[in-house]
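So the structure is just underneath, and the comments pick up after that.
Each value in this text was obtained by applying a stated rule to the coordinates, not by laboratory testing. Not measured: the values here are computed from a predicted model. Don't worry about glycine lacking a Cβ; one is built from the backbone with ideal geometry, like all the others, and counts go over all protein chains shown.
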Amino acid sequence: METSVTNKTLEKLKYDMVRAGLVPYETIEQAEEIAAAQNINIGQALINSGAITEDAILQFLEAKLHIPYVNLDDYSLDEKCLKYINFSDAKKYKIIPLFKIEDTLTVAMADPLDLFAIDKIIETAECSIEPVISSESSIRKKIDEYYKKDADVEEITTEENTDFDWRDELHSEDLSDKHIQKIIRAILKQAILENIHEVAFQHEDNGLVVNFKKNSEIQNKGNIPNVLSASFTGKLKTLAELDASVSEVPQLGKLNFKVDNMNITASISTFPTIMGERIFLKIYKPPEQLNKIIKSANNLKVIKSALDHPGIIIVCGSPLSGKTHIIYSLLIEAADKNKNIMTLESIAKYNLKNIHQCELNENVGFNMDKASRFIEFQSPDIIYLEGVKSKETFDYFANLVFDNKTIIMEFLANNMEDLRYKLSFSDFETLKSLINCMIFIHSHDSIEVFTKESAQKYLA
């Protein structure tokens, strides 16, 4: 979920547009309401409503601010200047470098009075900034054209190579600008080859240590030297569209890349520590059709019936057992039922068709508690909840069953006895009574499905 979208230039000059006779005062008020409701800036709201053209706004700003307008449609910028503004800042502030003469970098901006953005670029580029005005849409196109090729991980092929070691790339004599990206790609490739789903990067005295986690064990896979660690973390965060200049607060993003022509998503979590920023990466496989995971026709029938009736579908298993993978397959199955399906997730791993996926964002106060208080107004038929922790949240969503809702939730349990023990506490009595279907993942090849009756009997 993004923060509020604004255009400081138009916010400051909106009444000058009225005085200049470009738009009536009432139209400005209406545009402000639309902008707030749709989370767009006021200029975009005016253009979308047909009240004024983008060209008219740009000509007005050029005359009012005495800042030249540059049409970027056929403009070729100096690619050497891309190093002064990283991809995440370019996208965030809608700004792109054009050329540099001596100590002055000329940049195209959709919001030239955004002094915070200008100060930020001056700080990172370490030179003076000369802004020109360009349309937001043309800047976005140029960002995609020039940055995307440097903001992607090249496709990974998993040819049999038992001797593959990412450090071979680290120690190569590659002096190109893409060396860091190649190191990231090599680490991802080794993780894929070794069937690793969790990778952590943490600062120690000898550099940025690369750890793989498998079967609850940490495997040290070497380290990135201190001289490269800042460039490495900056590039990894940029690829995940995080703010590379921020390390004091946690951030959450995702990295998309291809493996053997298959789209793969990895969530990227950053966290400040006294030794430096720790980065945690979790790889998710793309969801499959449910019948490719659940082989038994009877078990499929049980699950499909549960999706059609009010109740709780609970998916259980140990860490990295594939709970999210199965839940996404459940959602794909439910998407064909012409129902309003909504999710509450820390981060959407894959975009699912006909599913209203919602990402929580603690940075703007949109947490599970707030989401639970407002989601019912959206009249969902099926709700998926990721990582519910509190009894109050459990009880709230369990009670939605009485309003004919189907709730899908996950529950961490290392084995069946662990599950039975955890659910024996009185906090879960309401939850247990409303379980319509229980899926327990023992392993990739062993998935147990319980009906309402068999689940109640087992958990009694």
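Laid out as a table, the results:
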quantity	calculated
Sparse-neighbourhood loop sites, GluC sites (Glu not before Pro) in the range 35-116 - DSSP loop, at most 15 other Cβ within 10 angstrom	Glu102
Alpha-carbon Rg with Dmax, taken over the range 290-459, Å	15.0, 45
Furthest towards positive pole of dipole, Leu105, Ile133, Leu193, structure part the range 104-196, Cβ charges	Ile133
Extended-chain gain in nm, criterion 0.36 nm per residue less alpha-carbon gap, Glu159 and Val246	27.6 nm
In nm, spacing of pseudo-spin labels at Ala63 and Asn404 (7 Å Cα→C-beta vector)	5.9 nm
Under 18 Å from Lys100, Cα to Cα: lysines that are on another chain or at least 8 residues apart	Lys80, Lys83, Lys120, Lys142
When each of Lys94/Lys285; Lys189/Lys235; Lys285/Lys370; Lys304/Lys432 is checked by Cα-Cα distance, pairs over 24 Å	Lys94/Lys285; Lys285/Lys370
Straight-distance crosslink candidates among lysines, where the alpha carbon sits under 16 Å from Lys353 and sequence neighbours closer than 8 are dropped	Lys337, Lys339
Extreme residue, positive dipole direction of the range 167-284, given options Gly207, Ala230, Asn256 (C-beta unit charges)	Asn256
Loop-located trypsin sites (Lys or Arg not before Pro) in the range 131-212, at most 14 other Cβ atoms within 10 Å (DSSP)	Lys178
The range 85-179 - Rg (one decimal) and Dmax (whole number), Cα, Å	17.8, 55
Cα convex hull of the range 8-146, projected area averaged across orientations, nm²	8.2 nm²
In nm, spacing of pseudo-spin labels at Lys292 and Phe374 (7 Å Cα→C-beta vector)	3.6 nm
Prolate/oblate/rounded label for the range 69-109 (Cα gyration tensor, a/c 1.5)	oblate
Assigned charges on the beta-carbon of Lys, Arg, Asp, Glu; the chain dipole about Cα centre (debye)	1380 debye
Where N is the number of residues in the chain, Cα Rg divided by 2.2 N^0.38 Å	1.13
In the range 41-147, chymotrypsin sites (Phe, Trp or Tyr not before Pro) in a DSSP loop with at most 16 other beta-carbon atoms within 10 Å	Tyr75
Charge dipole (debye, nearest 20) of the range 167-284; +1 at Cβ of Lys and Arg, -1 at Cβ of Asp and Glu	340 debye
The chain, helix-only ellipticity at 222 nm - DSSP H runs n ≥ 4, -39,500 (n - 2.57), divided by all residues, nearest 500	-11000 deg cm²/dmol
